[in-house]
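Accompanying notes for the structure given below.
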Amino acid sequence: MGKHSGRDHKERAQPLARQHLGLLEKKKDYQLRAKDYRKKQARLKTMQEKARARNPDEFYHAMIKSGTDAKGRHVVQDRNKQFDATFLKLLKTQDQGYITMQKIMNEKKLERLRADTHIPLANQAHLETKGHTASPAKHTVFVDDEAAAASFDAAKHFNTHPSLLGRSWNRPTMDQLTQGDAATAALGAVPKALRHERAVHQREIVDRAYRVDRLARVEKEMTIQKHLMTKGPRKKAGKDDQGLDTYRWKPIRKK
Amino acid sequence: MLVTRNMVPGESVYGEKRISVETPEGGKVEYRVWNPFRSKLAAGILGGLDHIHIKPGAKVLYLGAASGTSVSHVSDIVGPEGLVYAVEFSHRPGRDLINMAKKRTNIIPIIEDARHPSKYRMLIGMVDVIFADVAQPDQARIITMNAHMFLKAAGHIVISIKANCIDSTVDAATVFAREVKELQQEKIKPQEQITLEPYERDHAIVVGRYVPFKV
Ligand SMILES: C[S@@+](CC[C@H](N)C(=O)[O-])C[C@H]1O[C@@H](n2cnc3c(N)ncnc32)[C@H](O)[C@@H]1O
């Protein structure tokens, strides 16, 4: 609490007759208004100056970066172009907390799905629509020399039936197959209902992984934009592994 | 789904699911789900490794045990007749490892740096298999040092390689090939190699046999 001495001074109010003009302007208010006015005038003046001194042959990057869209509106192509429209909208309308929450929720669901569904089905087409480029796993067998490599017989090496070579899991050995007990018979064919259920799970895993990936990207971009709104000299410092621009701020010594 | 038979029925180690199955004799067997997205060894198995050499009764030296997620499944596999020496140098995960070993008597936790095998020489006998997942640039050296000290002749090594832990400037396949060569120079004969997609990116498991002298 400040020091309080003597009586309170009341401010002079706007006379009743002039009430429609709003609060009574004081000197302080006037000064602010005048300063603002002069600043704007100065700005207009420099802009006019620049326009007058413009060299019509000079090149500006904005000339090729900006243009008008179908409706004739002026648009500037910018860094946001790397996102598809839906995410851009998300970027602008939703706040970062929501994105983070969604990402965590999806990550948790993904984790739970993965804990239950281990065996991948080769649904390459679906994977690719979701931007996956992961190559299939590669199994290498080392042998002693060139001759052994030339005469290599995978089915013999893995001691299994040639028709089962494409399968990486539950691949019965020849001994198990010839004994032909009920357990191995069950290994042979996967029931249709189970196959269907697996396929559905697989799809969801791929979709969720994709979503988590996109959300992480948006989250990161939001952080960058938040930082960009702060003051201080900075420079672009290349791109990160997701293709987003990274920036470096000049270190400022704080006193 | 990949599961191991739970050595300590009724208990999960890291929150994994358990599945109980009735046997024809009327008893009950419990299995623990082994998630290939969390364990590289599990990913290797589902990827189709021919042999992991870790089997009931085996003695295993596990380098880079972390908090023991995978170690617990290895302990399930080797069973009461086998042994798992689990080496981890970081204390925080080491604590979880030690707690787990209280319930699983076939695990011997060792909180030491695997770069100095002589420090824990007194604790370990000869082993059948060395599994290594240390994710260090000098891992080949760490593994061969331990192999020379503790691995039986004709024993096996199973190592997990994370390419960008070793060299992030070249592509993964080159890193794997380099590591294999390094192992070869140290009397380890590579047998098979598998990459861990879709569970992990740029990871591989290499299986080899230790041949200390010509026969
Ligand atoms: C990728 S994690 C292993 C994860 C574990 N295999 C699993 O699947 O649950 C690698 C571990 O190796 C440990 N490590 C790294 N260098 C080591 C060393 N020289 N000696 C012992 N442990 C080491 C790290 O502390 C880390 O916990």
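Some points to look at:
- Cut-off 13 Å between beta-carbons: net charge of the residues surrounding A:His201, Lys and Arg +1, Asp and Glu -1: +3
- Accessible carbon and sulfur surface of the protein assembly as shown relative to its total accessible area, %, 1.4 Å: 54 percent
- Environment charge at B:Ala204 (Cβ cut-off 15 Å; Lys +1, Arg +1, Asp -1, Glu -1): -4
- Working note: 222 nm ellipticity from helices only, DSSP H runs with n ≥ 4, each -39,500 (n - 2.57), summed and divided by the residues of chain B, gives -8500 deg cm²/dmol to the nearest 500.
- Antiparallel content of DSSP bridges confined to chain B, in %, to 5: 55 percent
- Within the protein assembly as shown: Cβ-based charge dipole about Cα centre, in debye rounded to nearest 20 (Lys, Arg +1; Asp, Glu -1): 4560 debye
- The long axis of helix B:172-185 is offset from the longest Cα principal axis of chain B by roughly 80 degrees.
- Averaged over B:189-197, number of beta-carbon atoms from partner chains that fall within 10 Å: 5
- B:Asn99 paired with A:Asn55, simple spin-label distance in nm, labels 7 Å along Cα-to-beta-carbon: 7.2 nm
- Local electrostatic count, B:Asp138, Cβ distance below 13 Å [Lys/Arg +1, Asp/Glu -1]: -2
- Whole-Å distance, taken between Cα centres, linking the stretch A:5-40 and the stretch B:114-151: 82 Å
- Among B:Tyr120, B:Val211, B:Ala65 the positive-end extreme of the charge dipole of chain B (Cβ point charges): B:Tyr120
- The alpha carbon centroids of the stretch B:32-108 and the stretch A:53-77 are separated by 63 Å.
- Couplings for the stretch A:20-32, taken from phi via the Karplus curve 6.51 cos²θ - 1.76 cosθ + 1.60 with θ = phi - 60°, read 5, 8, x, 5, 5, 7, 9, 4, 4, 5, 4, 4, 4 Hz in order; Gly and Pro are left as x.
- To the nearest ten degrees, helix B:139-150 and the longest principal axis of the Cα atoms of chain B are 70 degrees apart.
- A:Met174 - accessible surface, heavy atoms, 1.4 Å probe, Å² rounded to 10: 70 Å²
- Helix B:91-103 axis versus longest C-alpha principal axis of chain B: approximately 40°, rounded to the nearest ten.
- Projecting the Cα positions of A:Ala209, A:Leu165, B:His148 onto the charge dipole of the protein assembly as shown (unit charges on Cβ atoms of Lys, Arg, Asp and Glu, taken about the Cα centre) puts A:Ala209 furthest along the positive direction.
- Accessible surface, per residue, of the protein assembly as shown when the full set of protein chains is kept, probe 1.4 Å, Å²: 65 Å²
- DSSP bridge analysis restricted to the protein assembly as shown gives an antiparallel fraction near 65%, rounded to the nearest 5.
- Listed peptides B:108-121, B:185-198 appear in the order B:185-198, B:108-121 once ranked by packing, highest mean of other Cβ atoms within 10 Å at the front.
- Farthest toward positive dipole pole in the protein assembly as shown [+1 Lys/Arg, -1 Asp/Glu at C-beta], among B:Ile77, A:Leu110, A:Pro191: A:Leu110
- Spin-label model distance (nm) - A:Leu24 vs B:Glu112, 7 Å beyond Cα toward Cβ: 8.9 nm
- Note on A:Lys236/A:Lys45: beta-carbon distance plugged into 1/(1 + (r/R0)^6) with R0 of 35 Å gives a FRET efficiency of 0.60.
- Flagged links, alpha-carbon separation over 31 Å, of A:Lys108/A:Lys226; A:Lys71/A:Lys109; A:Lys39/A:Lys220; B:Lys103/B:Lys152; B:Lys28/B:Lys103; B:Lys28/B:Lys102: A:Lys71/A:Lys109; A:Lys39/A:Lys220
- Sequence of A:His9, B:His156 from largest to smallest accessible area, 1.4 Å probe: A:His9, B:His156
The values are calculated or read from the model by the stated rules, or taken from the named source; none is laboratory data. Predicted, not measured: the structure shown is a model, and the values here were computed from it. All Cβ positions, even for glycine, are placed from backbone atoms using ideal geometry, and neighbour counts span all protein chains on display. With ligands, DNA and RNA removed, areas are computed over all heavy atoms of the protein, side chains included. Shrake-Rupley method; radii C 1.70, N 1.55, O 1.52, S 1.80 Å.
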